[in-house]
1. Which of the following residues is aromatic (Phe, Trp, Tyr), in the same structural domain as ARG173 (by the TED database) and open to solvent by less than 30 Å² (accessible area, probe 1.4 Å): PHE310, PHE243, PHE289, PHE344?
2. Spot the failing condition for MET188; the list is (1) assigned to a loop (DSSP other than H, G, I, E, B); (2) hydrophobic (A, V, I, L, M, F, W, C); (3) more than 20 Å from the chain's Cα centre (by Cα), and only one is missed.
3. So is GLY74 of a type in the set (Gly, Ala, Ser) and touching a Pro at 6+ places or on another chain (Cβ under 9 Å) or not?
4. Quick check: is even one residue across the range 144-165 open to solvent by less than 20 Å² (accessible area, probe 1.4 Å), of a type in the set (Val, Ile, Thr) and not in a loop (DSSP other than H, G, I, E, B)?
5. Any idea which of SER324, SER338, SER296, SER292 is closer than 17 Å to GLY165 by Cα and polar (S, T, N, Q)?
6. Looking only at the range 80-98, which residues are surrounded by fewer than 21 Cβ atoms within 10 Å (Cβ to Cβ), touching a strand residue (DSSP E or B) at 6+ places or on another chain (Cβ under 8 Å) and part of a loop (DSSP other than H, G, I, E, B)?
7. Considering only the range 204-212, I want to know if a residue exists there that is open to solvent by 10 Å² or more (accessible area, probe 1.4 Å) and under 23 Å from CYS42 (Cβ atoms).
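The values are calculated or read from the model by the stated rules, or taken from the named source; none is laboratory data. This one's a predicted model, so the numbers in the text were calculated from it and none came from an experiment. Positions of Cβ are generated from backbone atoms using ideal geometry, with glycine treated the same way; all protein chains shown enter the neighbour counts. What goes into the accessible areas is simple: the full protein's heavy atoms, side chains included, and nothing from ligands, DNA or RNA. Shrake-Rupley method; radii C 1.70, N 1.55, O 1.52, S 1.80 Å.
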Amino acid sequence: MTTTAAAYAVSSPEGPFAKTTIERRDLGPHDVLIDIKYAGICHSDIHTARDEWHGTTYPCVPGHEIAGIVAAVGSAVTKHRVGDRVGVGCMVDSCGECGPCVAGEEQYCTRDAVMTYNTAVPEEVQPGGHTFGGYSTQVVVTEHFVVSIPEGIGLDVAAPLLCAGVTLFSPLRHWNAGPGKKVAIIGMGGLGHVGVKIAAAMGAEVTVLSHSLSKQDDGRRFGAHHYYATSDKETFRTLRGEFDLILNTVSADLPMDRYMKLLNLDGTLVILGLPDNPLQVKPFTLAGFRRSLAGSMIGGIPQTQEMLNFCAEHGIGAEIEVISADRIDEAYDRVVASDVRYRFVIDAATM
């Protein structure tokens, strides 16, 4: 048996989005049915909807920043109850048996996690044979992949935390950001602005490295102690050897060797944005100060819950612009043009 839900889907790389009806699987014993209230727009949604990463299956219903209310639970569900405030991020299932899954790092599942949208699955898991995301009124998700949203965060500002928040929280935790650590964040967009808030709340000394100073006032308001324009060549001389940790949130091709030289002894630069071309770093830049170049991808389910609890405790939410579902195409164009401060969130009631 299945249920139906209203959704917005795109049927080709050229779009546009159109209202449609999709099928959701009927509740299994360990499933949770969620009435979606808000769905964030991530740049990954745009890449996928427009087939820029290739391999998109149409019709495509994007959305992996989902916040809502539990409408029903399966007979064996123990973590969530009807009426609970909950969220769903980038994953809706994994093998549950491999080393990363057992360790709560489901995003690194060795058999590949099932992503919230555009992942091939059996018909009984999702009618249509691939997952449909959060640009919809309802979704059915296995309880393990549903997290609780604490009362201290509004559902609208919490939605982007399910991707953007944990994407920044995870490396900050892994590389021990906190008091006595100097952290730089490259780019202050949808990802970067949340990272500034979280790193500052962790007690790190936070610097924003942005192309210009146009967002400097916002950066200071979010908790940044310093703000530099990377378009000013003097920045790279002034900050040489300055940081313990640098998080690169942008997907543009950057002169990575120059950024690596901003690291102190044993410093690490973590890649979060995904540029198209290979990174270029000189071996001596790495060896000279025992510097490291690393990557990180979202976070596991336990860490996503930890992130939400942390954000609620510190009053952290994304800076958002709420839109109706009929403005998704417009929002996509504005994201590509960097014309949003800092995340679009779709009001699911408009679907």
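1. On inspection, the qualifying residue turns out to be PHE243.
2. Single failed check for MET188: (3).
3. Criteria met by GLY74.
4. yes
5. The conditions single out SER296.
6. HIS80, ARG81, VAL82, GLY83, ASP84
7. Among the residues of the range 204-212, at least one is open to solvent by 10 Å² or more (accessible area, probe 1.4 Å) and under 23 Å from CYS42 (Cβ atoms), which makes the answer yes.
Conditions (1) under 19 Å from ALA164 (Cβ atoms); (2) in contact with an Asp or Glu (Cβ under 9 Å, 6 or more places away or on another chain), marked per residue:
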| site | (1), (2) |
| --- | --- |
| SER94 | no, yes |
| ALA103 | no, no |
| ARG111 | no, yes |
| THR119 | no, yes |
| VAL125 | no, yes |
| HIS130 | no, no |
| PRO150 | yes, yes |
